[in-house]
Amino acid sequence: MRGLEKSLSGREIATHEALSGIVQLRAGASYAVDGLTLALALLAGPSRAGEWCAVVGVDDLGVEAAAELGINLDRTIVVPQPRESWLEATAALVDVATLVVVRPPARVPERVAEKLGARLRTRGAALVAVGDWPRAEVRLTATEPRWSGVGRGEGHLRARRLVVEARRGAAPARRTSLWFPADDGALRRAAPPVAAPAFVEEQAG
């Protein structure tokens, strides 16, 4: 079993190309994100690669937005309201899914995170927690959200630009700018704009 755990843990998991410059998903690891936006972005990589994925405790999952990202809903298991059984549901899905997104209903004790981490390493899966997660390998936050498409009273919101920051322990944070959604609903890295478009500020989430 130790040899199997060693071979599965650390294996690279497909990561969306827009995020590959700041984070690489790996089997056996856990990641913490500050909102569902980044959870979907991390889910998109393995799902598009054909992996089974799961989402636990997210009752407001945007199915249309997920599909636009290329998330394969036919290979995504959703448990929207596990209530007090969220941990049991998450642990069970780690056995069958490569990536599990979970939004815990309350603060997670460190001993619970450690126990689930051992299961991740054994099964070769990764966990993305919406909110805080003890000893998460990488923590990602989205800041400076700005919508484009609105002129001086005309037009409509078309695309949102975000700055995503990834922190791993005490190492310097890595940052990148993303269009999410881009004007076609996709997720892509943002090139520096030639001219500043008209933006509307909003809170990250």
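No value in this document is a laboratory result; all are computed from the given coordinates. Note that the structure is a prediction, hence the values are computed from the model and not measured. Positions of Cβ are backbone-derived with ideal geometry, glycine not excepted, and every protein chain shown enters the neighbour counts.
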Burial-style ranking of 69-77, 174-182, average other-beta-carbon count within 10 Å with highest first, yields 174-182, 69-77
For region 74-146, just the Cα set please: Rg and Dmax, both in angstrom.
12.8, 41
What is the gain in length, in nm to one decimal, between E17 and A118 on full extension, counting 0.36 nm per residue of separation less the C-alpha to C-alpha distance?
33.6 nm
For R188, the residues 5 or more places away or on another chain with a placed amide H closer than 5 Å to its own amide H are W179, A182
When ranked by the protection proxy of mean other Cβ atoms within 10 Å per residue, highest first, what sequence do the peptides 126-139, 27-40 form?
27-40, 126-139
Residues whose built amide H sits under 5 Å from the amide H of A126, excluding neighbours closer than 5 in sequence, are G28, L99, V100
Rg(Cα) of region 2-130 divided by 2.2 N^0.38 Å?
0.97
